Every structure is written in C-alpha cells, then in structure tokens.
Amino acid sequence: MYISHYVKNTSVLGPGKRFALWLQGCKKQCKGCIFPEGQGEVTKGKWISTEELLDIIQSVKGIHGITISGGEPFLQIDELMDLCRQVKEHTKLDIILYSGYRFEELEAKYRDRFYKICSYIDILIDGEYVEALNDNQAYRGSSNQTIHMLSDKYKPYLDQMNQLRNRTVELKMNSTGELVMIGIPYKGFQDDLIHKMVNQCHYYY
C-alpha cells in the first residue's frame with residue numbers, strides 16, 4: 001500500500017478516538033484541496049504492507065476506529081479492501097472511509113470489489129471537494145458530500161452528524177516526524193491562523 005502518513009490517535013475525524021491513515025495519490029485536483037501534497041503518486045509517499053499497518057493499528061490502545069482518507073483511497077482498491085478486511089477480522093474497530101468519487105461512480109466502476117469494501121466499512125463519505133459549497137459542516141469539506149451509513153453502528157446519529165457545524169482541527173506529529181494539521185478546518189481558518197500568529201502571539205523568555 002502506498003501511503004502518505006498516519007496518525008495513531010485523533011479525535012477530529014469521526015466519533016471517538018481514531019487511527020487516521022492518508023493514502024497517497026489522487027487524480028481529482030479539486031480547487032482548494034485541503035491536502036494537495038497527497039495528489040502526487042510517484043515520489044511523495046512510502047510503501048507499507050497491509051500486514052505491517054495492521055500491526056501498527058493493533059498496537060494503539062484506546063482507539064474506537066480508523067479513518068482512511070487521502071489522496072484517493074480507491075486508486076488502491078485491492079490493497080484498501082485487504083486492509084479493511086484484516087481490520088474487521090482481527091479487531092473490533094469501526095472504519096470510516098473518504099472518497100472523492102460519488103457512491104454511484106464507485107459502484108459502476110468497481111462493482112463486486114466496491115460492494116465487498118462496503119461490507120467492511122461503517123461510514124463512507126463520498127464526493128469531491130467543491131470550494132463554493134464549503135459551509136462548515138462537520139466531517140465534510142463541502143455540502144455536496146454525503147455521509148453513507150453502511151452499518152448499523154452510527155445510524156442513530158446520522159441526523160446529528162449532518163447538522164454539526166463545530167469543525168475542529170488538531171496539530172500532531174505524524175508517522176514521518178512532520179507536524180501536520182488533522183481534521184477539516186472551517187472556511188477562512190488559514191487566514192485567521194496567520195492573523196492570530198502575527199497579531200496575538202505572546203513570547204515568553
């Protein structure tokens with residue numbers, strides 16, 4: 001599997017504490033993409049086996065699930081399916097999966113492989129990012145994206161998840177030792193952050 005990075009524990013990419021994994025490579029190139037570094041497919045990622053990833057996931061204590069994003073996970077559909085299968089067979093963790101393609105597009109292109117992945121994951125959040133539709137909904141970059149409940153685990157919370165507007169981000173060290181921002185920032189976050197750093201930062205010696 002060709003990945004960008006992972007973070008072992010985060011609380012901003014789904015319910016509860018989660019292991020977050022970003023796969024490398026995407027062909028969408030959406031305007032305003034939150035993670036343009038994840039688009040390059042050849043030199044910007046690293047290879048890791050699904051077995052090694054499972055070992056890392058199982059070593060993390062106190063998490064409730066994993067969230068897989070990118071990049072575009074379905075560009076590596078066979079490896080993605082293998083990882084999701086192993087997680088479901090060997091852990092009690094739930095799985096949230098992001099894709100820039102619509103459910104119907106994935107269904108038409110991948111057929112049985114897509115249905116098999118759907119049998120492993122609990123939530124699929126689909127659709128490309130549309131900057132003009134970024135209205136600060138939680139868990140989604142833009143309002144055209146849809147939260148699909150593919151298991152019963154979170155179905156009672158679908159309306160609540162659709163209505164949430166409290167986006168939160170975290171800053172953490174990732175698996176490659178880089179400081180990364182995790183989560184979906186509210187619209188204008190970067191400008192606000194720069195303004196506060198310039199005008200409201202206090203230094204103590």
Next item on the list: Those residues that are part of a helix (DSSP H, G or I), in contact with a Leu (Cβ under 8 Å, 6 or more places away or on another chain) and either at pLDDT below 95 or under 26 Å from E128 (Cα atoms) (or both), I need them from segment 65-86; list them, please.
Entry: P73, F74, L75, Q76, L80, L83, C84
Margin query: Return the pair list, or none, for Cβ contacts closer than 9 Å from residues in segment 134-148 that are on the phi > 0 side of the Ramachandran plot to residues that are of a type in the set (S, T, Y) and surrounded by fewer than 19 Cβ atoms within 10 Å (Cβ to Cβ), at least 6 apart or on different chains.
Written below: N136/Y186
Next item on the list: Count, please, the residues in segment 129-156 that happen to be charged (D, E, K, R) and buried (at least 20 other Cβ atoms within 10 Å of the Cβ).
Entry: 1
Notebook entry, point to check: Is segment 93-108 home to any residue that is small (G, A, S), over 13 Å from the mean Cα position of the chain (by Cα) and not in a loop (DSSP other than H, G, I, E, B)?
Noted result: yes
Next item on the list: Enumerate the pairs (first residue in segment 14-35 and over 16 Å from V169 (Cα atoms) and without any contact (Cβ under 8 Å) to a residue 12 or more places away in the chain; second residue anywhere and assigned to a loop (DSSP other than H, G, I, E, B) and of a type in the set (S, T, N, Q)) with beta-carbon separation below 7 Å, excluding pairs fewer than 6 apart on the same chain, so at least 6 apart or on different chains.
Entry: Q29/Q39
Item checked: Checklist (1) touching a residue at least 40 places away in the same chain (Cβ under 8 Å); (2) at negative phi applied to I125, failing item -> (1)
Checklist line | Q160 being outside any loop (DSSP other than H, G, I, E, B), of a type in the set (S, T, N, Q) and without any contact (Cβ under 8 Å) to a residue 60 or more places away in the chain | finding: yes
Next item on the list: Determine which single condition G62 fails, assuming it passes every other condition in (1) among the small types (G, A, S); (2) over 27 Å from K27 (Cβ atoms); (3) modelled with pLDDT under 95.
Entry: (3)
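Report yes if D126 is more than 20 Å from W22 (Cβ to Cβ) and of a type in the set (D, E), otherwise no.
On the way: more than 20 Å from W22 (Cβ to Cβ): no; of a type in the set (D, E): yes.
It is false that D126 is more than 20 Å from W22 (Cβ to Cβ) and of a type in the set (D, E).
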Next item on the list: Please find, among K31, K17, the residue that is modelled with pLDDT of 95 or more, within 27 Å of S142 (Cβ to Cβ) and basic (K, R).
Entry: K17
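Just name the residue that is nearest to E131 (Cα to Cα) out of those in segment 1-60 that are small (G, A, S) and in a loop (DSSP other than H, G, I, E, B). Give the derivation first.
From segment 1-60, those small (G, A, S) are 4, 11, 14, 16, 20, 25, 32, 38, 40, 45, 49, 59; that's our starting set.
From the residues that got through so far, the ones that are in a loop (DSSP other than H, G, I, E, B) too are 11, 14, 16, 25, 32, 40, 45, 49.
Working: S11: 24, G14: 21, G16: 27, G25: 20, G32: 6, G40: 21, G45: 26, S49: 34 Å.
Per the stated criteria, the residue is G32.
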Check: What single numbered condition from (1) out of contact with any strand residue (DSSP E or B) (no Cβ under 6 Å at 6 or more places or on another chain); (2) at positive phi; (3) surrounded by 18 or more Cβ atoms within 10 Å (Cβ to Cβ) fails to hold for G32?
Finding: (3)
Checklist line | Search result, residues across segment 65-78 that are in contact with a helix residue (DSSP H, G or I) (Cβ under 6 Å, 6 or more places away or on another chain) and touching a residue at least 60 places away in the same chain (Cβ under 8 Å) | finding: G70, G71
Margin query: Tell me whether segment 109-126 contains one or more residues that are of a type in the set (A, V, I, L, M, F, W, C), surrounded by 14 or more Cβ atoms within 10 Å (Cβ to Cβ) and more than 17 Å from the chain's Cα centre (by Cα).
Written below: yes
Checklist line | Among the residues listed as G71, G62, the single one being surrounded by fewer than 17 Cβ atoms within 10 Å (Cβ to Cβ) and at positive phi | finding: G62
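The values are calculated or read from the model by the stated rules, or taken from the named source; none is laboratory data. All values derive from a computational prediction rather than experimental measurement. All Cβ positions, even for glycine, are placed from backbone atoms using ideal geometry, and neighbour counts span all protein chains on display.
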